[in-house]
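The values are calculated or read from the model by the stated rules, or taken from the named source; none is laboratory data. Just so it is clear, the structure is predicted and the values come from calculations on it, not from any experiment. Please note: Cβ atoms are built from the backbone with ideal geometry, for glycine as well, and neighbour counts cover all protein chains shown.
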Amino acid sequence: MQSATQARSKLPDVGTTIFTVIGQLAAQHDALNLSQGAPNFAPDAKLVDGVAQAMRDGHNQYAPMAGIAALREALADKVQTLYGVRYDLYHANFWMSGLVAAELKRATGAPFVVTFHALGRVRRRYQGSADGFPDQRIDIERQIIAEADCVIAECPQDEEDLIRLYGADPRRISIVPCGVDPAEFSPRDKAMARRRLGLPIDEPLILQLGRIVPRKGIDTVIEAVALLQRDPGSRSRLVVVGGPDRVVTRGSDPELGRLIDLAERLEIADLVTFVGRRDRSELADYYAAADVFVSTPWYEPFGITPLEAMASGTPVIGSNVGGIKYTVRDGENGFLVPPRDPAALADRLAHMLGDRRLLATMGANGLSRVLRAFTWRHVTRALSDVYDEVLTEHRLQLAASIVARSSTPAAAATSERVTSRSGQEAGAAR
């Protein structure tokens, strides 16, 4: 089967997901990966491990809405002519790629699947005016949902939002989560990881890792750590990984500056370590070094970092939202707390950090959960099943359409004329 996947790699988690899945699917299908953006693809695109990568030049930019129709048509035309291959199915990632996939469906008749990774109406609800996407995004998403042969939801909350906010047909939604590579993230010696990172060996350590943006709720974690310090026996260090630069300064990022100011105002600056951006190859040590991983966003479409922590054997405390409440089972492999509730988070941190056996048990349970349901192998198997179901339904519809056309009065009359003419010719031959 030839399948084309259109990807937009501006968002770190989304890009990681797409390129990992593409590599896994290449063992089962031919796959084309396209970076979302202006249609000026690099001329030297080539096959890598069975995956055709056509990467555009320059930086990812949001396309102006005035040019979205031209962009959609140009990309669709490019996909149809690239390598001279006809694809059986298209898998679009993100809403702008969904526009292209819908155009390709109209042009070629091939079905398409779409994963949004984040929904405009959900973003707008939580971010308000800080959401920089155009208003038209929501209407475009609704159109794509109506035209897609299947919409991939990444968790039950995603499915619920698609149905409630966009009127999606539940029969055309499949849940396929994100995943993690156990070869990349797995348990390792905590003391050695801390030595490599230059972190204290015996100090309780809380890790927050991800994008430094307000909706991630990092201020909630800092406030919770400040509450912990009221009990001298609960004194802990918070390590925050993320940001635009490896060297952290107040001026490097407005949100980072706000968080540094908050730690100082709460008089815990000596207990909060901002380490800045780190390469992906360095992250496994941070997960392994931590006693607890914390992720408390206001909302989260899925959230890969809790999975990476779980794969590393580190228990998780997360917001009771989105994909986090799907991957973290409260009381089993971590705890769930309300977003923006420092007191609830501090209570769970104190409970967990004060019980070494609980930390070990929850860490082992998290690892087991990842290996049972959230590896990339599980994800790609589920996606392949979705592709097969969509293609089977598509072929049944084509067959039914052919039968219906052959049963119309015009088709019957044509058939009768052909039969009569054949009979006359047979009589003349005799």
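Being touching a Cys at 6+ places or on another chain (Cβ under 9 Å) and at pLDDT 95 or above: is that true of Phe374 here? So that I can check it myself, show each step before the final result.
Working: touching a Cys at 6+ places or on another chain (Cβ under 9 Å): yes; at pLDDT 95 or above: yes.
Criteria met by Phe374.
Exactly one of (1) modelled with pLDDT of 95 or more; (2) on the phi < 0 side of the Ramachandran plot; (3) over 20 Å from the mean Cα position of the chain (by Cα) is unmet by Arg250. Its number?
(1)
I'm trying to understand the selection: among the residues of region 164-174, which are without any contact (Cβ under 8 Å) to a residue 24 or more places away in the chain and surrounded by 15 or more Cβ atoms within 10 Å (Cβ to Cβ)? Steps first, please.
Step one: list which residues in region 164-174 are without any contact (Cβ under 8 Å) to a residue 24 or more places away in the chain, which gives 164, 168-171, 173.
Scanning region 164-174 gives Ala168, Ile173.
If you scan region 312-364, which residues turn out to be assigned to a helix (DSSP H, G or I) and in contact with a Leu (Cβ under 8 Å, 6 or more places away or on another chain)?
Within region 312-364, Ile324, Lys325, Thr327, Pro342, Ala343, Ala346, Leu349, Ala350, His351, Met352, Leu353, Leu359 meet the criteria.
So Ser401 clears everything in (1) touching a strand residue (DSSP E or B) at 6+ places or on another chain (Cβ under 8 Å); (2) at pLDDT below 95 except one condition, right? Which one?
Among (1) touching a strand residue (DSSP E or B) at 6+ places or on another chain (Cβ under 8 Å); (2) at pLDDT below 95, Ser401 violates only (1).
Among the residues of region 194-215, write down those that are within 30 Å of the chain's Cα centre (by Cα) and not in a loop (DSSP other than H, G, I, E, B).
Once the filter is applied, which keeps residues that are within 30 Å of the chain's Cα centre (by Cα) and not in a loop (DSSP other than H, G, I, E, B), region 194-215 yields Arg194, Leu197, Leu205, Ile206, Leu207, Gln208, Leu209, Pro214, Arg215.
Inspect region 341-363 for any residue being within 22 Å of the chain's Cα centre (by Cα), in contact (Cβ under 8 Å) with a residue 40 or more places away in the chain and assigned by TED's automatic domain parsing to the domain that holds Val239 and give the result as yes or no.
There is no residue in region 341-363 that is within 22 Å of the chain's Cα centre (by Cα), in contact (Cβ under 8 Å) with a residue 40 or more places away in the chain and assigned by TED's automatic domain parsing to the domain that holds Val239.
Taking the options Val100, Val122, name whichever one is within 24 Å of Tyr166 (Cβ to Cβ), modelled with pLDDT of 90 or more and crowded, with 16+ Cβ neighbours inside 10 Å.
Val122
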